[in-house]
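All remarks here apply to the structure that follows.
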Amino acid sequence: MATKTKEDVLKQAKDEDVKFIRLWFTDILGTLKSFALTVSELEDALEGGAGFDGSSITGYNDIEESDMIAMPDPSTFQVFPWSPEENRVARMFCDVQTPDGDPYVGDPRHILRRALDRAREMGYDTFNVGPELEFFYFKDSTSTEPLDYGTYFDLTTLDAATPLRRDTVLSLEQMGLRVEYSHHEVGISQHEIDLRFDEALNMADNVQTYKTIVKEVATRHGVYATFMPKPLRDQNGSGMHTHQSLFSGGKNAFFDPNEKGYLSKEAQAFIAGQLRHARELSIIFAQNVNSYKRLVPGYEAPVYIAWSRQNRSSLVRVPGFHPGQEKATRMELRCPDPSANIYLTFAALLHAGLEGIEKGYELPEPNERNLYDLSATEREKMGVQSLPSDLGEAIKEAEGSELLQKALGEHAFSRLMQLKRDEFEEYRIQVTPYELEKYLPVL
């Protein structure tokens, strides 16, 4: 991403007739928040930020200490391609600060910055990530009536969403995001548009932009796009497979020509860290009660904590190496879903991997068997654990996690845990149509 200065932003706003600037930041659950300034206030905001009430933002401060500052990041200034030719609208991501100008410890963007600082202190200047976000198109937001009945990679009249994906890709590219692939996914009315990998902070911002654009374009076409992990009972859920690699001085720290499979000792320890801490971090990459409806065997979502080179039933897959593609050596974590807070997810995964490197975790042998076909007893003999089966179990795993407290900081950790406890308690008291249908006639 090209770096823009405050002067660049002011000039571009004037040259492109920008009238309104939306300041974007994220709450602790990953929901994008926004308020708008007029261009006349832009220079002051770039210098001193813009104040807002943090007590109304989920997971932020209480009302007694609610004053917050949204400090715009000039490098993220971008004009919306769909805004009018006159009085155009732009956006900038913000770092949230206290009135004293210090970073706010509950800001997810700051939490990711702290993780990247830890990586730099250990000699890694770049954490590259490439998340693959899946989503569904429905006729509207009140039902799950599909838009098409296509399946994986279909290019037929069944794939009625092709124009939607095309317009979405064009809008993403106009916003400066590089798109690699777009295609129909396995589920009916399920789709995927993949962004080219990028440095973690840029990519986290890009994901928030991506999700906004997917929904914006869908609305313009009169339909609804959702990143809900499991909206349809009998179809695959939507995942966010996340490719990761560390670089140092322009070289991929995950590549070693002298190691088996060309996977360096650092890469092996990094993967081992994510495997060892997967259960306690699941509250981050699978943060909703609905996330665990996706994480069940039989619907392509990995739940077994193992790694492989080809086997997609494992939690981690290491794509094959091709000569001359040393920079592409990476790991792919297949359990996150697109409802996760992307900043917290990248931060937690990076901390887990760095923990593995710092403490010298040993990576077990790869498991190339289809873990779905094995019995629970067979998996137990092999030492293969599973992810938590629901949010309640994930909460219990997270409660005592030193790594998670280190990754989030005490403030964000305690706020997130309370929100998740409240969510699971609310979920537990629901009486579902399934229960009424099954038990009411016979009990």
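The values are calculated or read from the model by the stated rules, or taken from the named source; none is laboratory data. Model, not experiment: these values are computed from the prediction. Note that we place each Cβ from the backbone using ideal geometry, even for glycine, and neighbour counts take in every protein chain shown.
One table, with the values for the structure above:
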{"read-out": "Within region 268-278, considering residues that are out of contact with any Gly (no Cβ under 8 Å at 6 or more places or on another chain) and not polar (S, T, N, Q), the one surrounded by the most Cβ atoms within 10 Å (Cβ to Cβ)", "value": "His277"}
{"read-out": "Where a residue in region 86-103 is farther than 24 Å from Asn206 by Cα and touching a residue at least 60 places away in the same chain (Cβ under 8 Å) and its partner, wherever it lies, is assigned to a strand (DSSP E or B) and among the aliphatic types (A, V, I, L, M), with Cβ under 6 Å and at least six apart", "value": "none"}
{"read-out": "Some residue of region 285-294 being buried (at least 22 other Cβ atoms within 10 Å of the Cβ), hydrophobic (A, V, I, L, M, F, W, C) and at pLDDT 85 or above", "value": "yes"}
{"read-out": "Top-ranked residue of region 214-223 - restricted to ones that are part of a helix (DSSP H, G or I) and in contact with a Phe, Trp or Tyr (Cβ under 9 Å, 6 or more places away or on another chain), ranked as nearest to Ser182 (Cα to Cα)", "value": "Val214"}
{"read-out": "Elements of type helices (runs of 4 or more DSSP H) contained in region 224-322, each with 2 or more residues being farther than 20 Å from Ala340 by Cα and either touching a residue at least 24 places away in the same chain (Cβ under 8 Å) or not assigned by TED's automatic domain parsing to the domain that holds Thr31 (or both)", "value": "265-276"}
{"read-out": "Unique residue being hydroxyl-bearing (Ser, Thr, Tyr), closer than 30 Å to Ile283 by Cβ and loosely packed, with under 15 Cβ neighbours inside 10 Å when the list is Thr58, Thr26", "value": "Thr58"}
{"read-out": "Check on Arg369, surrounded by 14 or more Cβ atoms within 10 Å (Cβ to Cβ) and either out of contact with any helix residue (DSSP H, G or I) (no Cβ under 7 Å at 6 or more places or on another chain) or modelled with pLDDT of 95 or more (or both)", "value": "yes"}
{"read-out": "Filter result (of a type outside the set (A, V, I, L, M, F, W, C), within 14 Å of the chain's Cα centre (by Cα) and more than 19 Å from Val217 (Cα to Cα)) within region 182-204", "value": "Asp198, Glu199, Asn202"}
{"read-out": "Condition check for Ile21: on the phi < 0 side of the Ramachandran plot, surrounded by 14 or more Cβ atoms within 10 Å (Cβ to Cβ) and part of a strand (DSSP E or B)", "value": "yes"}
{"read-out": "Residue match in region 382-395 (condition: of a type in the set (A, V, I, L, M, F, W, C), crowded, with 22+ Cβ neighbours inside 10 Å, in contact with a Ser or Thr (Cβ under 7 Å, 6 or more places away or on another chain) and more than 30 Å from Val207 (Cα to Cα))", "value": "no"}
{"read-out": "Breaking point among (1) surrounded by fewer than 17 Cβ atoms within 10 Å (Cβ to Cβ); (2) of a type outside the set (Val, Ile, Thr); (3) outside any strand (DSSP E or B), for Ser34", "value": "(3)"}
{"read-out": "Number of the condition not met by Lys230 [criteria: (1) among the basic types (Lys, Arg); (2) within 18 Å of Pro388 (Cβ to Cβ); (3) surrounded by fewer than 20 Cβ atoms within 10 Å (Cβ to Cβ)]", "value": "(3)"}
{"read-out": "Among residues of region 108-150, those that are in contact (Cβ under 8 Å) with a residue 12 or more places away in the chain, part of a helix (DSSP H, G or I) and among the basic types (Lys, Arg), counted", "value": "4"}
{"read-out": "Within region 360-441, helices (runs of 4 or more DSSP H) holding 2 or more residues that are touching a residue at least 12 places away in the same chain (Cβ under 8 Å) and under 24 Å from the mean Cα position of the chain (by Cα)", "value": "391-399, 402-408, 410-428"}
{"read-out": "Hits in region 233-267 - residues which are surrounded by 22 or more Cβ atoms within 10 Å (Cβ to Cβ) and under 18 Å from Lys139 (Cβ atoms)", "value": "Ser238"}
{"read-out": "Verdict on Gly150 being among the small types (Gly, Ala, Ser), over 21 Å from His243 (Cβ atoms), out of contact with any Phe, Trp or Tyr (no Cβ under 9 Å at 6 or more places or on another chain) and modelled with pLDDT under 90", "value": "yes"}
